[in-house]
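The structure appears below as structure tokens.
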């Protein structure tokens, strides 16, 4: 594409996303001028599917902090604007129209945009529990936003004014519980690394904090304070396992210290 001006690049980082990648890319196939994918040595058909859809592919290792690969994809993009997606996300029609309008107007004042994300969990879109609207910065001018690559849940760091879109990014985070458990295991391992880095001691105080206080506080915050109960059984499961994150991570950390 050397002679064509690249207005928008869609960038992704993937690892074993054969069930999601085609749906994600086809939703924006008429929106972007180029697609860039950094793959962490997938063992399924992710790369094959992406190649068939005309994606530029770069292969690397599957890093614990997945944002490192996401930033690598951002750095390789050639577009004036960048839309960074996860493979389990789909751009809605309304969001697509808003993105096209921003590119067409070429407004220099705003350099990035928050997108409201809807999270699909165990058969329903979560409306409460602090999960909606789940604003994320995913659309920005090249060179104006970066991922710090220090935490799995970090936001983009932006140089300039940020706007807001109304159209949704549809996030099929855990249509099945098995996928949720895979992600949860990865997140607890990252928390273990953080505990090791901070050299957290094993004593009565930390036992109470990680085994009782933090899980209880997290569950009641999500399920009661943020009205997760309105989302029914999926809302309860989300709140319950969000609280369990802390004792699971702490017990893993404890076992490594023994």
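Among 153-161, 11-19, 246-254, how do they line up by average Cβ neighbours within 10 Å per residue, starting with the highest? Present the calculation step by step, with values, prior to reporting the outcome.
Numbers: 153-161: 13.4, 11-19: 22.3, 246-254: 19.0.
Per-residue Cβ counts within 10 Å, averaged per peptide and sorted highest first, yield 11-19, 246-254, 153-161.
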Residues of the stretch 30-51 with backbone nitrogen within less than 14 Å of a virtual label 7 Å along the Cα-to-Cβ line of residue 61, please, listed as ranges. 40-41
Between 0 and 90 degrees, rounded to the nearest ten: what's the tilt of helix 93-105 against the longest Cα principal axis of the chain? 50 degrees
Specify the angular offset, from 0 to 90 degrees and rounded to the nearest 10, of the alpha carbon long axis of helix 67-76 from the longest principal axis of the alpha carbons in the chain. 10 degrees
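If packing is taken as the mean number of other Cβ atoms within 10 Å per residue, what is the order of 142-152, 34-44, highest first? It would help to have the intermediate numbers written out before the result.
Values: 142-152: 15.1, 34-44: 19.2.
Descending packing order for the listed peptides: 34-44, 142-152.
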Does the chain come out rounded, prolate or oblate by the C-alpha gyration tensor, with a ≥ b ≥ c the root eigenvalues, rounded set by a/c under 1.5 and, if not, prolate when a/b is larger than b/c and oblate if not? prolate
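Sorted by mean Cβ packing within 10 Å, highest first, what order do the peptides 48-56, 132-140 take?
Working: 48-56: 15.8, 132-140: 19.2.
Ranking the peptides 48-56, 132-140 by packing returns 132-140, 48-56.
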Quick calc, residue 80 & residue 216: beta-carbon distance into FRET formula, R0 35 Å, rounding 0.05, result 0.15
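Using only the Cα atoms of the stretch 177-257, build the gyration tensor, take square roots of its eigenvalues as a ≥ b ≥ c, and label the shape rounded, prolate or oblate: rounded if a/c is under 1.5, else prolate if a/b is larger than b/c, else oblate.
Numbers: a/c = 3.05, a/b = 1.59, b/c = 1.91.
Verdict is oblate for the stretch 177-257.
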Count the DSSP beta bridges whose two residues both fall in the chain, then state the antiparallel fraction as a percent rounded to the nearest 5. 40 percent
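Counting pairs of alpha carbon atoms under 8 Å apart in space and at least six apart in sequence, what relative contact order in percent does the stretch 8-174 give?
Working: 358 pairs, mean separation 42.9, N = 167.
Computed over the stretch 8-174, the figure is 26 percent.
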Heads up, the stretch 58-163 by the C-alpha gyration tensor (a ≥ b ≥ c square roots of eigenvalues; a/c under 1.5 rounded, else a/b over b/c prolate, else oblate) looks oblate
Take the alpha-carbon centre of the stretch 149-228, take the same for the stretch 80-145, and report the distance between them in whole Å. 20 Å
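Values quoted throughout were computed directly from the atomic coordinates according to the rules given, and no laboratory measurement underlies them. Keep in mind the model is a prediction, meaning the values are calculated, not measured. In this analysis, Cβ positions are derived from the backbone assuming ideal geometry, glycine residues included, and neighbour counts consider all displayed protein chains.
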